[in-house]
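Engineer: This is the structure, below, for whatever I ask next.
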Amino acid sequence: MGEAKKLYIKTYGCQMNVYDSERMAEALGSSGYVSTDSPDDADMILLNTCHIREKAAEKVYSELGRFKGLKAARPDLKIGVAGCVAQAEGAEIMRRQPMVDLVVGPQSYHRLPEMEAKAGQGEKALDTDFPLEDKFEVLKQRPKASRGPTAFLTVQEGCDKFCAFCVVPYTRGAEVSRPAARVLDEARDLVERGVREITLLGQNVNAYHGPGPDGDDWSLARLIWALDKIDGLERIRFTTSHPNDMSDDLIAAHGECEKLMPYLHLPVQSGSDRILKRMNRSHTAESYIRLIERIRAARPDILISGDFIVGFPEETDQDFEDTMDLIRAVNYGQAFSFKYSTRPGTPAAERAQVDAAVADERLQRLQALITEQQRAIQDAMVGREVGVLFEKPGRMSGQMVGKSDYLHAVHVTDSRARAGEIHRVRILESGPNSLAGEVA
Ligand code: SAH
Ligand code: SF4
Ligand code: F3S
């Protein structure tokens with residue numbers, strides 16, 4: 001056995017990219033690579049990229065620029081671009097940055113070992129196919145290393161919704177659900193390796209409809225109930241959901257399944273029906289608010305999280321005020337908000353753009369309102385007892401940090417709280433980014 005080669009992966013974008021980066025590291029493990037935290041001594045640098053907004057996509061090129069010196073000093077160093085920018089721009093990346101050796105899309109990265117070998121012979125390797133073989137099956141021979149208490153598990157890929165602003169249906173391809181038995185196998189394997197909380201992932205995870213072991217089409221709720229039976233798995237989450245796929249059985253599961261955590265990320269994007277229609281979202285502000293009411297009827301304490309886009313083409317002051325009204329009606333515990341970014345090839349890119357300064361001002365006002373709601377919900381945790389899954393030591397000596405059922409960061413100073421354990425914690429204080437508590 002020769003000396004192990006070192007792989008440095010930098011991950012941008014969503015949780016699905018985090019999951020994919022782990023799979024890519026495993027795939028390259030079969031080519032003799034072990035992971036390293038620094039690009040300086042790496043034999044291969046892989047950027048797992050995001051194309052969702054212009055800024056995210058452009059970051060790839062500035063990041064590549066930073067590796068120029070390393071590549072000049074060590075011509076053997078392989079540089080690869082993976083993920084959604086790889087899919088969207090393909091060979092263009094090598095034209096703009098000739099030092100890039102390989103470009104691999106999100107649906108073909110199980111072919112990385114062959115691509116790496118090709119790059120080793122001094123050739124460029126490009127693969128942005130949507131192959132028919134199941135990449136997760138190809139990658140199944142995973143090492144049995146123990147791991148931290150939380151894990152992501154992709155159950156659904158791609159998107160068929162084609163929101164007018166979004167690149168995901170193009171970069172990830174059509175919606176595909178993994179067979180339930182394979183998801184359950186992977187979950188059991190994760191639990192054997194120390195995982196206590198699994199977050200099921202998909203660009204439209206609640207549209208999951210994988211074939212079940214009984215031959216039926218399983219919904220996400222059925223999959224969750226099957227996961228609920230795995231001993232040692234204590235918590236289940238899922239993200240990201242679309243309002244139109246919030247089925248009755250899933251809403252009911254939020255009320256009935258104890259392992260399913262009281263947190264739901266349900267992006268709405270806008271509170272104006274005129275804009276929602278132009279966005280091709282196929283729900284209204286009213287239908288979204290009614291849906292939240294039904295979910296809260298099933299699970300009154302659930303924390304609602306959302307995504308918003310401000311400054312979508314043709315958004316007027318009134319449209320924006322409608323979004324602010326929706327936020328007031330829902331009361332968010334968490335939210336991500338973005339200024340609209342023009343994406344090549346999407347329908348909205350052709351339309352009249354909102355003035356950048358106007359969009360900036362709207363974004364600031366929206367974020368101020370969200371922050372206020374978020375703070376109030378977090379502050380209201382003081383005095384309550386919540387479950388916390390501890391993950392790692394905190395910054396202060398003796399401190400342990402973890403996440404509450406509602407996904408708030410919580411820290412305690414108590415030797416009884418160990419990584420991988422869930423304790424009831426009484427919340428004592430609410431800080432800017434976290435809660436402080438004591439083991440109850
Ligand atoms: N599948 C998820 C979200 C995927 S992208 C869903 O449907 O909710 C994550 C978020 O990025 C989106 O919810 C949206 O708020 C934001 N986003 C996507 N495209 C964007 C664009 N062109 N400009 C600004 N924000 C965008
Ligand atoms: Fe993009 Fe819309 Fe699909 Fe979400 S539902 S990934 S925003 S196209
Ligand atoms: Fe970005 Fe691709 Fe995820 S565009 S948000 S990395 S699906």
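The values are calculated or read from the model by the stated rules, or taken from the named source; none is laboratory data. Keep in mind that this is a model prediction, so the values were computed, not measured. Virtual Cβ from ideal backbone geometry, glycine too; neighbours counted across all protein chains shown.
Engineer: Taking the stated definitions as given, is R178 under 18 Å from the mean Cα position of the chain (by Cα), more than 16 Å from ligand 1 (Cβ to nearest atom) and assigned by TED's automatic domain parsing to the domain that holds D248?
Structural biologist: Answer is yes for this residue.
Engineer: Tally time: how many residues in the stretch 100-142 are more than 16 Å from Y19 (Cβ to Cβ) and either among the hydrophobic types (A, V, I, L, M, F, W, C) or touching a helix residue (DSSP H, G or I) at 6+ places or on another chain (Cβ under 9 Å) (or both)?
Structural biologist: The total comes to 21.
Engineer: Let me ask something else about it. Specify which of the listed residues (V410, V354, V382) is buried (at least 17 other Cβ atoms within 10 Å of the Cβ), in contact with a Ser or Thr (Cβ under 8 Å, 6 or more places away or on another chain) and of a type in the set (A, V, I, L, M).
Structural biologist: Unique residue meeting the criteria: V410.
Engineer: Restricted to the stretch 6-37, and to residues that are among the acidic types (D, E) and away from ligand 1 (no atom under 16 Å from the Cβ), which residue is farthest from E137 (Cα to Cα)?
Structural biologist: Per the stated criteria, the residue is D37.
Engineer: Just one of the numbered conditions (1) acidic (D, E); (2) farther than 24 Å from D160 by Cβ; (3) not in a helix (DSSP H, G or I) is not true of E293; which one?
Structural biologist: (3)
Engineer: What do you reckon, is L64 on the phi < 0 side of the Ramachandran plot and within 24 Å of the chain's Cα centre (by Cα)?
Structural biologist: Against the criterion (on the phi < 0 side of the Ramachandran plot and within 24 Å of the chain's Cα centre (by Cα)), L64 qualifies.
Engineer: Spot the failing condition for V103; the list is (1) crowded, with 21+ Cβ neighbours inside 10 Å; (2) closer than 30 Å to S337 by Cβ, and only one is missed.
Structural biologist: Result: V103 fails condition (2) only.
Engineer: List the pairs whose first member sits in the stretch 84-101 and is in contact (Cβ under 8 Å) with a residue 40 or more places away in the chain, whose second member is away from ligand 1 (no atom under 16 Å from the Cβ) and of a type in the set (S, T, N, Q), and whose Cβ atoms are under 6 Å apart, counting only residues at least 6 apart or on separate chains?
Structural biologist: Q87/T128
Engineer: From the list L153, L201, pick out the single residue that is within 16 Å of ligand 1 (Cβ to nearest atom) and either at pLDDT 95 or above or in the same structural domain as D20 (by TED's automatic domain parsing) (or both).
Structural biologist: The match here is L201.
Engineer: Being at pLDDT 95 or above and touching a Ser or Thr at 6+ places or on another chain (Cβ under 9 Å), is that true of even one residue in the stretch 64-82?
Structural biologist: Looking through the stretch 64-82, at least one residue is at pLDDT 95 or above and touching a Ser or Thr at 6+ places or on another chain (Cβ under 9 Å).
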